[in-house]
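Visitor: Quick one: this structure, given as C-alpha cells, is what I'll be asking you about.
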Amino acid sequence: MPYYRATIVVTLRPAILDVPGKTVEHALHSLGFETVRNVRIGKHITLELQATDVEHAQQQCHTMSQELLANPVIEDFAIATIEPITP
Amino acid sequence: MNVGIVIFPGSNCDRDAYYAARLVAGITPQFLWHKDTELPADLDCIILPGGFSYGDYLRSGAIARFSPIMRAVRSFADEGGLVLGICNGFQILTEAGLLPGALLRNAHQRFVCRNVTVRVENNATPFTSAYGQGQVLRIPIAHGEGRYYADPETIARLEANRQVVFRYVDADSNPTAESNPNGSLANIAGIINERGNVLGMMPHPERACQALLGSDDGLGVFTSLVHYFAHVSV
C-alpha cells in the first residue's frame with residue numbers, strides 16, 4: 001500500500017471566542033496593521049499514513065479528526081492536503 | 001466506603017485528594033494506576049484528580065481519555081458508580097463524553113490560582129448533600145483552561161435539569177461577570193450528568209479541607225459521599 005502525507009488544520013468554531021487569536025490581533029494593531037481583524041489561531045497537524053488510495057487516506061484522516069484531533073464540541077477541522085509520498 | 005483515585009502521567013492533585021479523603025471518617029482511599037484495565041471489585045467512587053495529564057497535549061484531557069483505565073471508568077459510570085472529576089478530571093470527563101460541553105482557554109488568557117466563591121446550586125446530589133441549597137463556599141481554583149462552554153441548547157438543558165451544581169458568585173451570592181474567574185458560560189463551575197452520578201468541577205475541594213490551611217469548605221464534597229453511602233446501604 002502506498003504512503004500519503006496529510007495536513008489537517010483544526011480551528012475553534014467561529015462562534016467561539018478565540019482568546020489567543022484576539023491577543024495576536026491586538027498585537028498586530030500595535031504593529032501598525034490597524035485593518036487586521038478576525039485573527040484565528042489553530043493547529044496544523046501533519047502525518048503520514050498508509051492507504052489503498054487517496055480516498056481511503058482521506059477517510060482515515062476524517063475519522064481520526066472526528067475521534068481525536070479535533071473536539072467537535074468546540075472545533076472544526078479541514079483536511080488541507082493529502083499527497084502520495086515515496087515510502 | 002472505598003474511593004479510588006486515578007493517577008495519570010502528569011496528575012498532581014492525586015495526593016491532595018487522597019489526603020482529603022483520609023480526613024473523613026468512613027472513607028478508605030486508594031490509588032488506581034492509569035494502566036489498570038480492571039477496577040477493585042468493592043469500589044464505591046472514583047476520583048479523577050487535577051493536574052496536567054499527558055502534558056495537556058492536543059487539548060486538556062484529550063489523551064487521558066484513551067488511558068486503559070478509562071474504559072473501566074466508563075463501565076463503572078454506566079453501571080451507576082460515582083465519578084468525581086476535579087479540574088483536569090473535569091476536562092477528561094468532557095473529552096470522554098461522560099459530561100457535556102468543553103473547557104476552553106480562560107477568557108483573560110492567564111492561568112488563575114486563587115480562592116473563589118462558588119454557590120451550591122443543587123444539594124440533592126451524592127456529592128453535595130452535606131451542603132445547604134444555595135450555600136456559598138470558598139474554594140480555590142487553579143487552571144488555565146476552565147472556561148466552560150456548551151451550545152445554547154445544552155446550557156438550557158443543564159439549567160432546566162438542575163445539572164449545574166456549582167456556580168461562580170460574588171461574596172453576596174450574585175453570579176456577576178466580576179466573580180466569573182475564567183469566562184465560563186452562565187458562571188458554571190461544576191456540572192453533573194443527567195443520571196446524577198458523574199460530577200465535574202473546576203474548583204479544588206480537596207485543597208480546602210482544613211481551616212488551618214485557609215478553608216474547610218471543600219470537605220463537604222467528601223462527607224456527602226459518606227452520607228450517600230450510609231443512606232444507600234441502610
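Visitor: Quick one: count up the residues across the range B:182-209 that are touching a residue at least 40 places away in the same chain (Cβ under 8 Å), within 14 Å of chain A (Cβ to nearest Cβ) and part of a loop (DSSP other than H, G, I, E, B).
Guide: Within the range B:182-209, residues that are touching a residue at least 40 places away in the same chain (Cβ under 8 Å), within 14 Å of chain A (Cβ to nearest Cβ) and part of a loop (DSSP other than H, G, I, E, B) number 2.
Visitor: If you check B:Ala124 against the conditions, is it free of Cβ contacts under 8 Å to residues at least 12 places away in the same chain and out of contact with any helix residue (DSSP H, G or I) (no Cβ under 8 Å at 6 or more places or on another chain)?
Guide: So B:Ala124 fails the test.
Visitor: Next question, about the same structure. Quick one: would you say B:Thr176 is closer than 23 Å to B:Asp217 by Cβ, hydroxyl-bearing (Ser, Thr, Tyr), without any contact (Cβ under 8 Å) to a residue 12 or more places away in the chain and more than 14 Å from chain A (Cβ to nearest Cβ)?
Guide: yes
Visitor: B:Leu103: farther than 15 Å from B:Asn187 by Cα and either in contact with a Gly (Cβ under 6 Å, 6 or more places away or on another chain) or more than 14 Å from chain A (Cβ to nearest Cβ) (or both), yes or no?
Guide: no
Visitor: When you scan chain A for strands (runs of 3 or more DSSP E) that lie fully inside it, which ones turn up with 1 or more residues that are free of Cβ contacts under 8 Å to residues at least 40 places away in the same chain and within 27 Å of B:Ile92 (Cβ to Cβ)?
Guide: A:43-50
Rundown of residues vs (1) away from chain A (no Cβ under 14 Å); (2) assigned to a loop (DSSP other than H, G, I, E, B); (3) in contact (Cβ under 8 Å) with a residue 40 or more places away in the chain; (4) not polar (S, T, N, Q), yes/no style:
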| residue | (1), (2), (3), (4) |
| --- | --- |
| B:Ala25 | yes, yes, yes, yes |
| B:Thr37 | yes, yes, no, no |
| B:Leu43 | yes, yes, yes, yes |
| B:Gly55 | yes, no, yes, yes |
| B:Leu58 | no, yes, no, yes |
| B:Ala62 | no, yes, no, yes |
| B:Arg65 | no, no, no, yes |
| B:Ala72 | yes, no, no, yes |
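Visitor: Could you list, in sequence order, all residues of the range B:96-115 that are in contact (Cβ under 8 Å) with a residue 12 or more places away in the chain and either within 16 Å of the chain's Cα centre (by Cα) or not in a loop (DSSP other than H, G, I, E, B) (or both)?
Guide: B:Ala96, B:Leu98, B:Leu99, B:Pro100, B:Gly101, B:Ala102, B:Leu103, B:Leu104, B:Val112, B:Cys113, B:Arg114, B:Asn115
Visitor: Further, regarding this structure: Based on what the data block shows, is B:Val136 away from chain A (no Cβ under 14 Å) and touching a Ser or Thr at 6+ places or on another chain (Cβ under 6 Å)?
Guide: Criteria met by B:Val136.
Just so you know, all these numbers are worked out from the coordinates, no wet-lab data involved. This one's a predicted model, so the numbers in the text were calculated from it and none came from an experiment. Cβ: placed from backbone, ideal geometry, glycine included. Neighbour counts: every protein chain shown.
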